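One structure is given below, encoded as structure tokens.
The values are calculated or read from the model by the stated rules, or taken from the named source; none is laboratory data. In this text the structure is predicted, and so the values were computed from the model without any measurement. Cβ sites come from the backbone with ideal geometry, for glycine too, and all protein chains shown count toward neighbours.
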Amino acid sequence: MEQPPQGGVEARGRESPLDREFMKVIRYLGGEEAVRVVEALRRMGEATDEVLANEVGIRINDVRKILLKLYERGLLSAIRVQDESTGWYIFRWRAQPDQVDTFIRSRRRKVLEKLKRRLSYEESRSFFRCDNCEEVYMPFDEAMERAFICPRCGAPLKGIDNSRAVERIRELIKKLEAE
């Protein structure tokens, strides 16, 4: 008896919130080609890279890249099976939409860590900017090494108040921690 695809469309034909989130993540990570591959995989329940490539009309190497990228993030699982006729190992892939929450939590945790490092950096330094060159923004020690002169245009660097940036970072951290 063939098993139904896991994490697919609900029995009434509507997509669950989990399915929508899963496909949003797939689209974010791999674009429309990844969406096509994963939709085909979910319809079949389980498939090899070769079968998927034939099903969606994408080169097998591109399908393999997509599968590996999603596998590395825990959104797909693979079973290695030895082909009896050739002796080669093949992988049978399966979507794991139930892992999307874990993936999202992991990404949030990484973003939160980066924001905390950035907050510490912003709070512990004074910054200088060139009025002419918006992209020239540097901490005090670097500005001092350059004699408070813009490296791009030669204009003097001016101290800036980064309290709004600090407050915005704090708000983002608070929001992520609440989630």
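Miscellaneous remarks
- Those residues of the range 93-130 which are part of a strand (DSSP E or B), over 21 Å from Asp19 (Cα atoms) and basic (Lys, Arg), in sequence order: Arg129
- Filter pass, Leu176 being modelled with pLDDT of 95 or more and surrounded by 12 or more Cβ atoms within 10 Å (Cβ to Cβ): no
- Residue list for the range 40-61, restricted to those being surrounded by fewer than 16 Cβ atoms within 10 Å (Cβ to Cβ) and assigned to a helix (DSSP H, G or I): Arg43, Glu50, Asn54, Ile60, Asn61
- Positions within the range 102-133 being without any contact (Cβ under 8 Å) to a residue 40 or more places away in the chain and closer than 30 Å to Val35 by Cβ, in sequence order: Thr102, Arg105, Ser106, Arg107, Arg109, Lys110, Glu113, Lys114
- Every residue from the range 124-139 that is surrounded by 13 or more Cβ atoms within 10 Å (Cβ to Cβ) and out of contact with any strand residue (DSSP E or B) (no Cβ under 7 Å at 6 or more places or on another chain): Cys133
- Enumeration of residues in the range 131-179 that are of a type in the set (Lys, Arg) and not in a loop (DSSP other than H, G, I, E, B): Lys158, Arg164, Arg168, Arg170, Lys174, Lys175
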